[in-house]
Every structure is written in structure tokens, then in C-alpha cells.
2 protein chains.
Amino acid sequence: MKNVERTIKSDKVYQGKIINLRIDTVELPDQKYSKREIIEHPGAVAVVPIAEDNKIVMVKQFRKAVEDCLLEVPAGKLEIGEEPLDCAKRELLEETGYKSDNLEYLFKFYTSPGFCNEEISVFVAKDLIKDVAQPDEDEYIEIEKYGIDELVEKISKEEIKDAKTITCILYIKNLLK
Amino acid sequence: MKNVERTIKSDKVYQGKIINLRIDTVELPDQKYSKREIIEHPGAVAVVPIAEDNKIVMVKQFRKAVEDCLLEVPAGKLEIGEEPLDCAKRELLEETGYKSDNLEYLFKFYTSPGFCNEEISVFVAKDLIKDVAQPDEDEYIEIEKYGIDELVEKISKEEIKDAKTITCILYIKNLLK
């Protein structure tokens, strides 16, 4: 496919704690120009932690952007220079209080490629060892455990509303060997 | 869950064509303050168009934010005051050239609730009638058709990298009656 959009100009609008915003002026295949609003994100990981009883460890937290408490798989953004696998181990411990040295990479995806470069790498974690959760200072997280079929039912009832979580759960249901 | 974050202050940083950016200062459950960077998005729809041969009509387009051509389900953002069903019919025609009066609502989800309020409502479209595609002036779109199992395989091979598309395809595979 040849319709690559060449960047003519790139203006930084905002540089923040988690995201930056820039406006790119691009040249289209017909030589016309257009503007693209782009959110820069450092990337993130999601972890599907599978406990000994085969239940999946989920987190529940308030999300200001949507003013709602959401049930999600543990996840978090990459620190500068951090490898996804290290980030996955760190976020698993911080958010759930479980340690694991048995993490396996599954797949990755873009959350909103129409305007944002966030990419999430997904890991499955097994052989969980209970330790102490270490949430960030401004994180308030509750832990809940569910079987995979309970989670699929929650998706069908719209009780799980987070795209990365739906993606992870249905991927595990369909494609995990 | 009681950890609602009360808004103390809300500052508009940017108002754009597709997205706005604001910074909320919130009061946490322990009375401390924190900042939340929030992208405001008008919301969107995604459509899974199922042709007579049971193949799914997909679109391929360049996505500047990730500098890549992605295979996706047809989708687009809501116009002001537009109902999701009307938006789904409009985007289906604009992007694929197919009309349908047989659209069924399936489910909805948030794409990135950690920092963005974008919600996508998903519809399945049947009884497709060939018409003429009407892409936006700055959209360059190719159409490809695949069976559901081909698409699931593309997910497993990371040839589909867009979260909404993975979500829609695996939902159809698992939960469409």
C-alpha cells in the first residue's frame, strides 16, 4: 500500500507526565496537505496472571477519563528504557501483590491507532507467589479473581468495558495453547 | 468501590479537530491531590460487515500515529449529535461502499480508559448492497475480505494490530449467536 503520509511539519503542543500531543502536517498521495492530531504515549504492558486454581487475577480501579470503576487486567506504562517483560513483572507486583518469574509474551496491539501511538504488549504470568502490592501513590486498586468463562460472560454483559481487557481475555480463550 | 476522584480544577490545554486535551486536578481518597491528563474524544463506531459469502469486509489504511498500514474493521467517529447506528451506516458506506439496513448493535468498549474517554459502539451489518464508497477527502482506503477464521489466524500472527479490530473479531468468533 503506497498511501504513506509524508510529514511536512510537526508541532509540539503539549508535553506531559504520561502523554504528549503534537500536530503533524502531512502530504497526502494526491499532494494535498492535511493535519493529524497525534498523542504520543510511551507504550504499556498488560498481564494476564493465572493463579493455581486457574482463576485470573483482575484489578478494579477508578478511571477519571471515563468517570467509572473498571474491571481490568493488570497493566501499566513503560518507564524510560524499560523492557516490556521487566515492566510486566513490576506492574504485576505493584498492582496485585503477586510475583512471578514465569511470564510468557503473547502478542501486542495498538489501542487507538487513529490518533495515538500507544502499543500494549501482553504477557501471561503463571507460578504466582504472594507478596505485598506496591501501588503508585495515586493508585487505589482492588483485586478480584475470576475463571475465564466468567470473564467471557462479563464481556457479553458489558460488565467489562476496557478494550485491552476484552482483547486479552478473548485472546486467552481462543488462542492460548 | 469508593475511590472516586473528585475534580478540584479542570484546565483546557487544547481543542482540536478530533480530540481535546484537559488536565484535571483531582482529590484522592486520602485527601491528597493528583493530576490527570485526559483526552476528550467524541466517541466512535465500528462495523463488522458480513457479506453474502460470510466473509467480513475489512479496510486497510495508513495510520500516521503509528506510521503503518493497518487492517481494520470499518470505523469512524461520531458527528455532533449523531446516533451510533446512523454513524455506523454512514461509515460503512463511506469506507467500504456497502449500504445496509440490517445493522445490529453488539457491544461497546473504551479504547484507552487510563487517559481517554473514547467509547466505541460495535455493530454487525448484514444484507450488504454494493454502492459507491465516499471516503473523506484525506482518507485513502483499500477493501479486503476475509473469513472469520482467517482473521483469527491473522490476530495470532500479529498481522492485525488494532485493538478495536481484535476485539470485534474475537467477539464475533466467541459471542455472536
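The values are calculated or read from the model by the stated rules, or taken from the named source; none is laboratory data. This is a predicted model, so every value here is computed, not measured. Glycine also receives a Cβ, built like all others from the backbone with ideal geometry; neighbour counts cover every protein chain displayed. Surface accessibility is based on the protein's heavy atoms, side chains included, excluding ligands, DNA and RNA. Shrake-Rupley method; radii C 1.70, N 1.55, O 1.52, S 1.80 Å.
Figures for the structure shown
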quantity	calculated
The lone exception for A:N54 - which of (1) more than 22 Å from A:P113 (Cα to Cα); (2) without any contact (Cβ under 8 Å) to a residue 12 or more places away in the chain; (3) not aliphatic (A, V, I, L, M) it fails	(2)
Any hit, segment B:115-123, residues being closer than 26 Å to A:I19 by Cα, of a type in the set (G, A, S) and in contact with a helix residue (DSSP H, G or I) (Cβ under 6 Å, 6 or more places away or on another chain)	yes
Yes/no for B:K154 being under 12 Å from B:V45 (Cβ atoms), modelled with pLDDT of 95 or more and in contact with a strand residue (DSSP E or B) (Cβ under 9 Å, 6 or more places away or on another chain)	no
Among (1) of a type in the set (K, R); (2) under 16 Å from the mean Cα position of the chain (by Cα); (3) within 30 Å of A:E5 (Cβ to Cβ) - the single one A:K32 does not satisfy	(2)
Unique residue being closer than 30 Å to A:E27 by Cα and outside any loop (DSSP other than H, G, I, E, B) when the list is B:K145, B:K173	B:K145
Count - residues of segment B:71-107 that are buried (at least 17 other Cβ atoms within 10 Å of the Cβ) and closer than 25 Å to A:I166 by Cα	17
Segment B:147-168, subset surrounded by fewer than 24 Cβ atoms within 10 Å (Cβ to Cβ) and small (G, A, S), residue nearest to the other protein chains (Cβ to nearest Cβ)	B:S156
Only one of B:A65, B:A46, B:A51 that is at the interface with chain A (Cβ under 9 Å from one of its Cβ atoms), on the phi < 0 side of the Ramachandran plot, small (G, A, S) and open to solvent by less than 20 Å² (accessible area, probe 1.4 Å)	B:A65
Matching residues in segment A:122-140 - criterion: being open to solvent by less than 80 Å² (accessible area, probe 1.4 Å), over 27 Å from B:S34 (Cβ atoms) and not in a strand (DSSP E or B)	A:L128
So B:I38, is it within 14 Å of chain A (Cβ to nearest Cβ) and open to solvent by 50 Å² or more (accessible area, probe 1.4 Å)	no
Members of segment B:82-130 found to be within 12 Å of chain A (Cβ to nearest Cβ), over 30 Å from A:E139 (Cα atoms) and among the hydroxyl-bearing types (S, T, Y), listed by number	B:Y105
